[in-house]
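Structure record follows, encoded as structure tokens.
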Amino acid sequence: MIDPSWVSGLAALLFIIGLAGAFTRKNAIIVLMCIELMLNAANLQFAAAAVHHGDTTGWVYTLFAIAIAASEVAIGLAIFLAMYGKHESITLDDVNVLKN
Amino acid sequence: MGSTGTTETIHSSVIEFAPYIVFLPMIAFPIILLFGRLFNGNKVWVSTFKEGGIFALVTMATSLLLALLLIKDYIGAYGDDSKSALHVFDWFSSAMWNGGATTTEISFGFGLYIDHITVMLLFIASFLCLLINTFAIGYMNTDPINDNRNHRFYAEFVLFCAGMLGMILADSFLWLFIFWELMGLCSYLLIGFYYERPSAAYAAKKAFLTTRVGDVFLMVGLAMLWHLFGSLDYAVVFDSDNIAAVDPASLQWALGMMFIGAVGKSAQFPLHVWLPDAMEGPTPVSALIHAATMVNAGLYLVARMFPFFGAEAMHGELVDLAFIIASIGGITAVMAASIAFVQMDLKKVLAYSTMSQLAYIFTGLGCALWLANSLDWHHDDDAHYIVIIAFGAALFHLFNHAMAKGMLFMASGAVIHEVHHAHHHLHHDDHHHTPKELYMLSDYLASKKLSTFEFFKTIDLDGSGEIDMFEFQTALKNTEVADLPPWEMGDLMKAVDLDGNGTINVPELDIVLAKIKGKTYEEHEHDHHHDDHFDAQSMENMGGLASKMPITATAMLVGSLSIMGFPLIGGFWSKEGIIANAWRVGLEDPRFFFPAACVLLGAAMTGFYMSRMWLKTFAGSPNNEVAAHVGPTNTWIKIPLFTLTFVTLGGILFAGMGFTHWAPDSGYALMSEKGLFEGIGYELGHAFANHDMFFFTLTYIAIFLGAIVGPGLALSLYGGALDEGETAKPWFTPILMLNAAIKGRYSWDNSAFATSSLSRALQNRLYFDHYYDMAMLKIVAAFSLKAAHADSKFIDGAIKTIESTSQSASTSLRKLTTGSARDYILMAAVGTLMLFALIWGVMA
Amino acid sequence: MKFLSLMTRMGLLALGFILIATVSADAVWQEASDDAPTTSKLADDLLNEWGLPLLALGILMAVAMIGAAYLVRDERMENLLWEFGGEEE
């Protein structure tokens, strides 16, 4: 079996990548994808910990998180649709109604 | 402190009621004000209650009665019985921290302190208040300009009396000061009684502010006194042991400050500028406040300082202050008398006379205080006598002056009143006063373009061809001109009903409306008052009134003689005393030659200007037709004049009773050493046949100057015999004959004096007002401009800076909200991470 | 802005290093347990011990789907007409 520590390391790396992407990208869908990446990283970490500790609670969380992430994406995409309807673009830079 | 009633063997049961002397007028003040507001315009209130005048009269009479009962008990008392204190109530008590572990209790209470000086002033104040109240009823209520606002006058009048009586009876300097301020307030209110007149408002403000300047010094003095003694109660402050423990130099300064307060209140140089302007108030105000009572407050204060000067521990230390007091008195006496030379306004002459006479009293007090401080009067009987007599002369002059000046002002008020009436009769009765409603009716007709005839037809309800009161009233109501009740239609009907048959017909209405056509009500009123430039107070509008107003003329004559110091009449006894004492002190201390000389010169000047005043008003022929039209005055005014004439004439009796000895000395009872006639004989001898050669000559010089030179000059310049067919009372005849004779033979042209620059300077009141105004403008106004500038720049600036700083801070902070979602994610992430790090750090 | 992005990048890099260092530290992975869980055990726990949360999750997802469906509804007139056979909202 794979050593859980490596999985954990991978999860950390993925998290950082996702975070960097969330800060930097201007396309809203890409940002959503980065958030998913971060969630995925957290899931990985949980799974590795569950294997390490021998407790299924970690896996239960993983399943729940996947389900919630899916619904969250659905809502997110709906919001993007509404945003597109209003501002004619999904570039986050163009949406600055709350500026100052 | 508010001591628990140091009531030394008082055998007076009245003293328990004595506080009511003050409380009754004080309570009457809001009552009169309230009733006046409630019943304003009510006929009964106006005619029967004289808009509160009767209330005031009853209150003052009760106060007088209580005062007389009190006086009766004290007048014969002497020794310890003659001084009493009564504790009335505790005002407040507190504790003062001494800086260590102890506190001292202090409490301020109100109590009464009664000794001979109190008794004398109590009599003066309550008696004059009552008489002037009577006069006011006759003066104020018969002048239509005062209608429906007399209640304000009487309320303020009564409050003033409360203040004066309270001040006299108070047992500590604190309460003296409180009532002093109360009188200042009432003075302001009463001088500015005709507040719609800018000159009156200005005069009131000036009076208040000038006395305020003095009051500041008085407060400082009282504070110093409190610091020295720890209390302001007379019982503590006059105690000789306490005085011995005090530093003389500081005491002199404290008393000096208090004296400045007295200078302000009694209108002495340099704070005298308010008194002539204060004549803007109605005459009863001038009589009461500025002749008889308030200006005596300053004198009372100085008189109360006597125990300090007389204390053994202070021997010789306070002479400088005494000299200052006497000098200010001397300067003012001459200055005021000289300005009085050129005054044409009757009341202003009397105002300056008041100033001058008060200065006399100050000189007298100054000399007495010097004597008390320099002579060893506690041990030497002769010295004791001299000091007491000196002090008593000043107090006696206060008494005589108050009576005489009050009477003079009342008499002048009577004259002014009658001249005003005469003017009205002559000039205003021709103009039938057209009521406002007719103007409105005329406007109505013009706006509806109705002719008088058409209008008449519409309002003639029964078609009789004539309009009676009811139809006219209805017409006015229907045209919305006025909704008058029947009893107010009378004047209106009279204005229109020209033939007086009780009904209006077309021609009458036509004539009346045509007369007012084209004019507005305001224009008409303006024409009406055009000739109100007539100055009822100027002596140019008088002359020859001796035959027309006999009682007034007599009163004024007696008063003038008393003020002049004419032998045997009232003021003579006291004035001679003051002059003699001034010179006595001058012999001992050469500095005092200055006030002594001033006082002697002043006697001559007083003689001149008082005679000038009387002669210009009452002797000679009338100056214009108004003066010729004057008639005698009404009863309310006559009563006080009558009474005071006799009081002034009775000055010799007071002198004979040993008044000068009794007033200051609590160890002496009236008529205890000599009987009345013996006393009179003694006084006559003392005056006219003095043993000491110096004083003998002095007396006669003073009489010569005061009674012969001064009046003589006046007799030769003014007055003259009455017109043909005018008869005067028998006692005037010798005077008028003398006047005619002297004027005929010795008349001389004084136009050189009259047009000189000195005369002009005097007419401008020696430019004091001018210099004070300039000083105020340059110093005070400049300073206040700078202060205002600093306020708007620095203080407002500080606030504005805070405001703008927070504004700019907020603006720059808002830049964080970029509106970009990316930045928000960043911020959220960073925040969370920091929280996590914090918790991780804490946990680890 | 440039400064901010620079700081962000540095911060991210630093964070990355810290995370990987923490996660791969030996002390974390000391007590390993012997029996790795099996999928049947997972299913068992999921339906018995975690039944209620599972149900809640299901309901939550259903609501989310409904919400999403509403948010992306098509408001064009012809589609509404076809769907409801008349003008309705």
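The values are calculated or read from the model by the stated rules, or taken from the named source; none is laboratory data. Just so you know, these numbers come straight off a predicted model, no measurement behind them. Cβ sites come from the backbone with ideal geometry, for glycine too, and all protein chains shown count toward neighbours.
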Problem - Members of the stretch A:17-61 found to be within 18 Å of C:THR22 (Cβ to Cβ), buried (at least 20 other Cβ atoms within 10 Å of the Cβ) and at the interface with chain C (Cβ under 7 Å from one of its Cβ atoms), listed by number - result: A:LEU19, A:HIS52
Practice task
Considering (1) over 18 Å from B:MET613 (Cβ atoms); (2) touching a residue at least 40 places away in the same chain (Cβ under 8 Å); (3) part of a helix (DSSP H, G or I), say which one B:ASN739 fails and leave the rest.
Solution key: (1)
Practice task
Determine if the stretch C:69-84 includes at least one residue that is outside any loop (DSSP other than H, G, I, E, B) and either under 16 Å from A:THR56 (Cα atoms) or touching a residue at least 60 places away in the same chain (Cβ under 8 Å) (or both).
Solution key: no
Practice task
Look at C:LEU6 and say whether it is more than 10 Å from chain A (Cβ to nearest Cβ) and free of Cβ contacts under 8 Å to residues at least 12 places away in the same chain.
Solution key: yes
Practice task
Provide a single number: the residues in the stretch B:139-166 that are over 16 Å from the mean Cα position of the chain (by Cα) and crowded, with 24+ Cβ neighbours inside 10 Å.
Solution key: 5
Exercise for the section: Sort out for me the helices (runs of 4 or more DSSP H) sitting completely within the stretch B:235-333 that have 3 or more residues that are over 11 Å from the mean Cα position of the chain (by Cα), of a type outside the set (Gly, Ala, Ser) and surrounded by fewer than 23 Cβ atoms within 10 Å (Cβ to Cβ). Expected result: B:240-244, B:248-265
Problem - Among the residues listed as B:LEU816, B:LEU777, B:LEU838, the single one being more than 60 Å from the chain's Cα centre (by Cα), in a helix (DSSP H, G or I) and not charged (D, E, K, R) - result: B:LEU838
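Which of the residues that make up the stretch A:64-100 are outside any helix (DSSP H, G or I), of a type outside the set (A, V, I, L, M, F, W, C) and within 14 Å of chain B (Cβ to nearest Cβ)? Please lay out each step first, then the result.
Filtering the stretch A:64-100 down to residues outside any helix (DSSP H, G or I) leaves A:88-91, A:95-100.
From what is left, the residues that are of a type outside the set (A, V, I, L, M, F, W, C) are A:88-89, A:91, A:96, A:99-100.
Of everything in the stretch A:64-100, those that are outside any helix (DSSP H, G or I), of a type outside the set (A, V, I, L, M, F, W, C) and within 14 Å of chain B (Cβ to nearest Cβ) turn out to be A:SER89, A:THR91, A:ASN96, A:LYS99, A:ASN100.
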Exercise for the section: Exactly one condition in (1) farther than 24 Å from B:ALA604 by Cβ; (2) modelled with pLDDT under 75; (3) assigned to a helix (DSSP H, G or I) is not met by B:ALA752; state its number. Expected result: (1)
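Hey, among the residues in the stretch B:369-399 that are outside any helix (DSSP H, G or I) and free of Cβ contacts under 8 Å to residues at least 40 places away in the same chain, which one's surrounded by the fewest Cβ atoms within 10 Å (Cβ to Cβ)?
Within the stretch B:369-399, the subset outside any helix (DSSP H, G or I) is B:375-380.
Okay, now just the ones that are also free of Cβ contacts under 8 Å to residues at least 40 places away in the same chain, so B:375, B:379-380.
Values: B:LEU375: 20, B:HIS379: 9, B:ASP380: 12.
By that ranking, first place goes to B:HIS379.
Residues B:LEU445, B:LEU450, B:LEU408: which one is modelled with pLDDT under 80, of a type outside the set (S, T, N, Q) and assigned to a helix (DSSP H, G or I)?
Working: B:LEU450 fails: assigned to a helix (DSSP H, G or I); B:LEU408 fails: modelled with pLDDT under 80.
After ruling out the rest, the residue left standing is B:LEU445.
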Fill in the blank from the handout: Residues of the stretch C:31-58 being among the aliphatic types (A, V, I, L, M), surrounded by 10 or more Cβ atoms within 10 Å (Cβ to Cβ) and more than 7 Å from chain A (Cβ to nearest Cβ), in sequence order, are C:ALA43, C:LEU47, C:LEU54, C:LEU55, C:ALA56
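Among the residues of the stretch B:780-797, are any in contact (Cβ under 8 Å) with a residue 40 or more places away in the chain and within 31 Å of the chain's Cα centre (by Cα)?
If we filter the stretch B:780-797 for residues that are in contact (Cβ under 8 Å) with a residue 40 or more places away in the chain, which is where we start, we get none.
For the stretch B:780-797, residues in contact (Cβ under 8 Å) with a residue 40 or more places away in the chain and within 31 Å of the chain's Cα centre (by Cα): absent.
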Problem - Scan of the stretch C:59-71 for residues that are of a type in the set (Val, Ile, Thr) and either touching a helix residue (DSSP H, G or I) at 6+ places or on another chain (Cβ under 9 Å) or away from every other protein chain (no Cβ under 14 Å) (or both), ordered by number - result: C:VAL63
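Yes/no per residue for (1) at pLDDT 80 or above; (2) small (Gly, Ala, Ser); (3) out of contact with any strand residue (DSSP E or B) (no Cβ under 6 Å at 6 or more places or on another chain); (4) in a loop (DSSP other than H, G, I, E, B):
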site	(1), (2), (3), (4)
B:GLU51	no, no, yes, no
B:PHE55	yes, no, yes, no
B:LEU86	no, no, no, no
B:SER93	no, yes, no, no
B:THR118	yes, no, yes, no
B:PHE127	yes, no, yes, no
B:ILE132	yes, no, yes, no
B:THR142	no, no, yes, yes
Exercise for the section: Look at C:ALA14 and say whether it is more than 9 Å from chain A (Cβ to nearest Cβ) and more than 30 Å from B:LEU826 (Cα to Cα). Expected result: no
Exercise for the section: Evaluate the following for A:LEU14: is it without any contact (Cβ under 8 Å) to a residue 60 or more places away in the chain, within 10 Å of chain C (Cβ to nearest Cβ) and either touching a helix residue (DSSP H, G or I) at 6+ places or on another chain (Cβ under 8 Å) or not hydroxyl-bearing (Ser, Thr, Tyr) (or both)? Expected result: no
Completion exercise
Of the residues in the stretch B:107-138, those that are among the hydroxyl-bearing types (Ser, Thr, Tyr) and under 16 Å from the mean Cα position of the chain (by Cα) come to B:SER126
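For C:ASP74, are the conditions met, namely being among the charged types (D, E, K, R) and either within 30 Å of B:LEU826 (Cβ to Cβ) or more than 10 Å from every other protein chain (Cβ to nearest Cβ) (or both)?
Numbers: among the charged types (D, E, K, R): yes; either within 30 Å of B:LEU826 (Cβ to Cβ) or more than 10 Å from every other protein chain (Cβ to nearest Cβ) (or both): yes.
When the stated conditions are applied, C:ASP74 passes them.
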